1. For segment 7-19, take each phi angle, set θ = phi - 60°, evaluate the Karplus expression 6.51 cos²θ - 1.76 cosθ + 1.60, and give the result in whole Hz per residue in order, putting x for glycine and proline.
2. To the nearest 20 Debye, how big is the dipole of segment 1-84 about its Cα centre, given +1 on the beta carbon of each Lys and Arg and -1 on that of each Asp and Glu?
3. Projected onto the charge dipole of segment 4-77 (+1 at Lys/Arg Cβ, -1 at Asp/Glu Cβ, origin at the Cα centre), which of Leu17, Val74, Ser53 gives the Cα projection farthest towards the positive end?
4. Using +1 on the beta carbon of Lys and Arg, -1 on that of Asp and Glu, and nothing else charged, what's the dipole of segment 24-137 about the Cα centre, debye to 20?
5. Tell me the relative contact order for the chain as a rounded percent, counting alpha carbon contacts under 8 Å between residues six or more apart.
6. Please list, ordered by chain and number, the residues whose modelled amide H lies under 5 Å from the amide H of Glu2; skip anything fewer than 5 residues away on the same chain.
7. Compare the peptides 27-40, 64-77, 7-20 by average per-residue count of other Cβ atoms within 10 angstrom and give them in order, highest first.
8. For the chain, what is the number of Lys pairs with C-alpha distance below 24 angstrom, counting only pairs 8 or more positions apart or on separate chains?
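Read-outs: derived from the displayed coordinates by stated rules, not from any lab. Fair warning: this is a prediction, and the values are worked out from it, not measured in the lab. For neighbour counting, all protein chains shown are included, and Cβ atoms are generated from backbone atoms with ideal geometry for every residue, glycine included.
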Amino acid sequence: MESTLVLLKPDAVRRKLCGEILSRFERKGFTLTALKLLRLTPAMAASHYQEHSGKPFYPALIDFITASPVVAMVLTGPDAIKLVRAMMGPTNPVAAPPGTIRGDYATVMSENIIHGSDSPASAQREIAIYFSEQELI
Ligand code: GTP
Ligand code: MG
């Protein structure tokens, strides 16, 4: 059993796509083990995206992710990290096939709807940014 941190980014919340996206994960069979709506502080955003610090797109990425609320959740199930990434599709929606979340709902890399942890180490680190031990059900 594995857990992964998923964010429905500000564009997903603004466009009222949260229910549709959450529904995909429920139908797939994942268990929801934590869920909240929140607006990221600059410090949370910097911690979340620390691997991208210094890259040309980093300032715009931090501005985007802190601009308005996100939905954060922990999904749990067998191979959750890889399966969620497969359902999301590639980072660039231009490369994301129809049927994936980014392929169905996004057009540009800077507003690509969803985040999912990319490794067990990332998942552990990222879950701790958003949820306390008591909030993981
Ligand atoms: P996340 O789930 O958001 O972490 O996406 P990812 O794991 O598919 O991609 P990555 O971690 O490499 O990049 C994080 C985010 O930065 C992406 O979701 C994009 O929004 C943005 N990003 C990454 N690379 C580029 C780039 O070359 N140009 C632009 N404009 N944005 C980028
Ligand atoms: Mg990433």
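1. These are the phi-based 3J(HN,Hα) values: 10, 8, 6, x, 5, 5, 5, 4, 8, 6, 9, 4, x Hz.
2. Around 260 debye, computed over segment 1-84.
3. Leu17
4. Dipole magnitude for segment 24-137 comes out near 180 debye.
5. 37 percent
6. Gly77, Asp79, Ala80
7. Going from most to least packed, we get 64-77, 7-20, 27-40.
8. So the count of such lysine pairs works out to 9.
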